[in-house]
Amino acid sequence: MKRLIPLVAAIAALSGCVTLRAEHALTGKPRPAYSGEVKIVMEGAPTTGQVDEIAVVNAIGAGQDSSLPVILKALQNEAASLGCNAVIRVRYDQGTRQASATGVAAWVE
């Protein structure tokens, strides 16, 4: 029984860990971090202006971190860290336990 308590505590601690993760794969040259608002353009919506593609960004969330606003904010933060002012062609997928979104982080003139 004494061994079971630390195991249960460890499992409980792990389940409260990372429920939101954002990452990127560079496809261009990153810029200095951007501090302005990062625009979201969903898949199928037109993009106006010159587009300088920097990376493909992805965000995955579970539980409370799987809502559309939370996932999109994670994409925006990842894009801003790469010096981008937009995430275009964003595709959002909602599952039963987690959600994800992928888009192209870019500088749009």
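All of the numbers you see were taken from the coordinates with simple rules; none came from a lab. Treat the numbers as computed from the prediction; the structure is a model and nothing was measured. Quick reminder, even Gly has a Cβ in these numbers, built from the backbone with ideal geometry, and neighbours come from all protein chains shown.
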### Summary
Measuring from its Cα centre, the range 19-108 shows a charge dipole (+1 at each Lys and Arg Cβ, -1 at each Asp and Glu Cβ) which, in debye to the nearest 20, is 40
### Task
Quick one: which residues, 5+ away or cross-chain, put their amide H under 5 Å from the amide H of residue 42? H built at 1.01 Å from N.
90
### Amide H contacts of residue 31 (H built 1.01 Å from N, under 5 Å, at least 5 apart or other chain)
83
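So if each residue of separation counts as 0.36 nm, and I subtract the Cα-Cα distance between residue 93 and residue 37, what length gain in nm does that give?
Result: 17.8 nm gained on full extension.
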### Message
Per residue of the range 54-65, what does 6.51 cos²θ - 1.76 cosθ + 1.60 with θ = phi - 60° give for ³J(HN,Hα)? Whole Hz please, x for Gly and Pro, Karplus curve as stated.
### Response
10, 7, 9, 10, 9, 9, 10, x, 10, x, 4, 8
### Message
Please list, by residue number, every one of the GluC sites (Glu not before Pro) in the range 23-62 that is coil in DSSP and has at most 14 other beta-carbon atoms within 10 Å.
### Response
37, 43
### Task
Please list, in chain and number order, the residues 5+ apart from residue 98 or on another chain whose amide H is under 5 Å from its amide H, with Hs placed from the backbone.
none
### Summary
In order over the range 37-45: 3J(HN,Hα) from phi, Karplus 6.51/-1.76/1.60, θ = phi - 60°, whole Hz, x for each Gly or Pro, gives 6, 9, 6, 10, 10, 6, 4, x, 7
### Query
Which trypsin sites (Lys or Arg not before Pro) from the range 62-97 combine a DSSP loop assignment with at most 15 other Cβ atoms within 10 Å?
97
